[in-house]
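J.: Have a look at this one.
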Amino acid sequence: MLLAMILLVLHFRTLQSSAAQLAFKAERVELVEQMRLSVTLASEAEKSAVMAITDEDSQTYADQARSATATVERARQKLEQLLKTGGTKYGRDSLAQFSGAFAKLQRIDNDLLDLAVKNTNLKAYSLAFGPAAEVLKQMDAALVRVIVVSGNSPSADDIKVMRLADGARISA
């Protein structure tokens, strides 16, 4: 009877241990999946911040990216605490490797989002095809007038001026 009682206690203890292990594993999987989803959301928001047309849209997407990145960091910290108490060496090593890569990603993301919010690509484009293009047209028209005037009396100096003016037009 004592032997039956011991076997019964060991059986229930094993069941409780299995349930605890299953709950531990489920919590780890949930945290990892939350991290994966948040990294994907952050990446999409970053792309949108870079491609946004207005400064306000860029700021909104940048805020979303930063929020998703903060979610990853919170889940990473929870997972780190969880693995300290009951994780394997392989799990802790894998998380350490992820943590290093994630820290680098955060530094790059901060620089990228700072630039995206400034909307530098869009502003450079509008300058290049706005005021800069207009000034380029005006300069080209002035150089054409120099070439035409120099072409009326083709002395050696005029030919030199025409070549220089053509070179300036081509360079511009």
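Just so it is clear, none of the values below were taken in a lab; they were calculated from the coordinates. All values derive from a computational prediction rather than experimental measurement. Cβ: placed from backbone, ideal geometry, glycine included. Neighbour counts: every protein chain shown.
J.: Cα centroid distance between segment 60-98 and segment 25-43, in Å?
T.: 8
J.: I want to check the label-to-label distance for L82 and M5. Put each point 7 Å from Cα in the C-beta direction and report it in nm to one decimal.
T.: Those two pseudo-labels are separated by 3.9 nm.
J.: Sequence neighbours fewer than 8 away in the same chain don't count; with that in mind, list the lysines whose C-alpha is under 29 Å from K47.
T.: Counting by Cα, and skipping residues close in sequence, K47 has these lysines nearby: K78, K104, K118, K123.
J.: Grab the Cα-Cα distance for K104 and M51, subtract it from 0.36 nm times how many residues apart they are, and report the gain in nm with one decimal.
T.: Residue separation times 0.36 nm, minus the Cα-Cα distance, leaves 16.8 nm.
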